[in-house]
Structure formats: C-alpha cells, structure tokens
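Undergrad: Would you mind keeping the following structure in view while I ask a few things?
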Amino acid sequence: MSLDVYTAATPNGWKVTVMIEELREAGVALPDVRTHAVSLGGEQFSEAFMAINPNQKIPAIVHDGRAIIESCAILQYLGEMFPSSLLPAGEQRWDVLPWLYWQAANVGPVFGNKLSYTRYINDATDEQKAHPLERFGKEALRLVSVLDHQLGKHAFLAGDAFTVADIATWCWIRSYKWSKVDITTKPRVVDWVHRVRARPGVERGIAFGVPKDEIDKFSKERREQYQRNGGGIASNSALKADL
Ligand SMILES: N[C@@H](CCC(=O)N[C@@H](CS)C(=O)NCC(=O)O)C(=O)O
C-alpha cells in the first residue's frame, strides 16, 4: 500500500498536504506517504508527469496504482478512502460536498485569476489589466462575503465541524495579502483564518516546500521565485493550444 503525492508549495498543492496531516491528527492509519515536489518551472509538462496528470497541473496523487487529479477530487477521494469527520458519511456528506465544489468552481479560479493579474501577468499593460483586475477583485470580495455569511451560521464553512471544504477554501483565503483581496472588513473570516491556521495538522501541511521561518511570510528571494514561475505560467505566450 502506498500513497504518492505530486505537489508544490502553492494553495492547490497545500490542500493535499494539509489533508494528509489532518487525517493523521484524526488518528487515521495512512499507507506510506511519499511526497514528490514538482517544479512548476516546466516539470508539469514532462512526459513522466503527464502520465499521472494529463492536465499538466499539480496536485495529483497515485494511490495503489490509481491516479487522481484535481485538488478537490483528491480531498473527496482521501475523505472517502480514509473515513473521518473531515468528510462525514451518508446524508451528511451533502452538507459538505457542495462547499468543496464551490471552492473548486469559484474561489480557486477567481482568486487564481486575481492573483495572476495582481502579481504575475507581465505581458499586458496596466490599462489592459484594469478590467480583469476589477472583475476578479470584486468577485473575490463577493466570495469572501459568501464565506462570511456561512461563518455567521456556524463555526466552519459547511457546519460546526472542520471539513475538507475548509481545507480547500482556507488554502486560498490565507494568501489574501499576496492576491490583494482585503478580507479585513469581515472579522468572522479573519477569525476563521486564524483558527484554522492554529491547527497542528494545518501547520505541518503548509510547511511543505517552504523554509520554516517563511511559512507565513515570503522572503524577498521567494517572492521573486514565485513571480518568476508565476510570470512564466501566466504569460499568454506560454499557453499552447496543443499538448
Ligand atoms: N483545478 C486544479 C488547478 C490546479 C492548478 O492550477 N495548479 C497550479 C499550481 S497552484 C499548476 O500546477 N500550475 C501549472 C501550470 O498552469 O502550468 C486543481 O484544483 O487541482
């Protein structure tokens, strides 16, 4: 029995390393976990990685020979394979799964685009960037207020318990300063960000691929490295119509 995790130090990547550490915290017996760092400077396009994920993006896992792609599908898969309160069983899973899909379809793409236009895209003028920046910036704030609305009803995104929906969403929201989405007008969201950050499983999960003293703060060198990789990925000239 083995579980291979292919990932990088990014919000989508941390979802999986956090999930694994949270499963350990929940007392789940996991198979041997082997974590492989994928360099987003080009390794995602290699034949070896495409054999695991033809979509050329991290994260991906291989569990007993079966490859699973898409971070939220991975969270659901691990939640079902290794039962715990992170993904309740039976009817109750329908309290959680829609919010996991909400993250995949909304928070990930919108925060990802906001971040790209804010930090990474350097083949467009400021004038060209103004409209998408406004659009994704406003939509990101709307999503933060949806999260705030949920947190007004219960302690976590999908109910009173911490679940895969919190893992997926938190990994993006925690980087609000990097994507320049101001969550500070929503104290419940800020409080949730801190409460989730304080969990030992989360602490270990987000340490993947990051020097210990840079877990919550980038050094100048790391900021430049993210900007280099992000700039390469976000440039229109890097997009190919064919594999
Ligand atoms: N919807 C995918 C998104 C994955 C994704 O965009 N991964 C980024 C890193 S956070 C990546 O691998 N980018 C490389 C590229 O686009 O070339 C998921 O949730 O797994």
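Values in this text are rule-based calculations from the coordinates and carry no lab data. Please read all numbers here as calculations on a predicted model, not as lab measurements. Counting neighbours? That spans all protein chains shown, and the Cβs are built from the backbone with ideal geometry, glycine included.
Undergrad: What are the principal axis extents of the Cα atoms in the chain, in Å, biggest first?
TA: 50, 45, 35
Undergrad: Taking the square root of 5 times each eigenvalue of the Cα gyration tensor, what semi-axes in Å does the equivalent ellipsoid of region 2-81 have, largest first?
TA: Working through the eigenvalues yields semi-axes of 21, 13, 11 Å.
Undergrad: Then there's this: Going toward the positive end of the dipole of the chain, with +1 on Lys and Arg Cβ and -1 on Asp and Glu Cβ, which of Phe156, Met81, Val33 do you reach last?
TA: Phe156
Undergrad: If I take every Cα pair under 8 Å that is 6 or more residues apart in the chain, average their sequence separation and divide by the length, what percent do I get for the relative contact order?
TA: So the answer I get is 26 percent.
Undergrad: Sort region 188-243 into rounded, prolate or oblate with this rule: let a ≥ b ≥ c be the square roots of the eigenvalues of the Cα gyration tensor; rounded if a/c is under 1.5, and if a/c is not under 1.5, prolate when a/b is larger than b/c, oblate otherwise.
TA: prolate
Undergrad: If the reach is capped at under 19 angstrom between alpha carbons, list the aspartates and glutamates near Lys57, excluding any in the same chain fewer than eight residues apart.
TA: Within the straight-line limit of under 19 Å, Lys57 reaches these aspartates and glutamates: Asp4, Glu43, Glu47, Glu70, Asp242.
Undergrad: Next question, about the same structure. Please report the net charge: other residues with Cβ closer than 12 Å to the Cβ of Leu115, K and R +1, D and E -1.
TA: Summing Lys/Arg as +1 and Asp/Glu as -1 gives +4.
Undergrad: Taking Cα pairs under 8 Å and at least six residues apart, what relative contact order does region 90-205 come out at, in percent?
TA: Result for region 90-205 is 32 percent.
Undergrad: Then there is this: Identify all lysines with a Cα-Cα distance to Lys177 below 16 Å; exclude those on the same chain that are fewer than 8 residues away in sequence.
TA: Result set, ordered by chain and number: Lys114, Lys138, Lys186, Lys217, Lys220.
Undergrad: Round to a whole angstrom and tell me the spacing of the C-alpha centers of region 198-219 and region 5-41.
TA: About 13 Å separates the Cα centre of region 198-219 from the one of region 5-41.
Undergrad: How big is the charge dipole of region 99-142 about its Cα centre, in debye rounded to the nearest 20, if each Lys and Arg gets +1 on its Cβ and each Asp and Glu gets -1 on its Cβ?
TA: Roughly 200 debye for region 99-142.
Undergrad: Suppose every Lys and Arg Cβ carries +1 and every Asp and Glu Cβ carries -1, with no other charges. What dipole size does the chain come out with about its Cα centre, to the nearest 20 debye?
TA: Computed charge dipole of the chain: roughly 620 debye.
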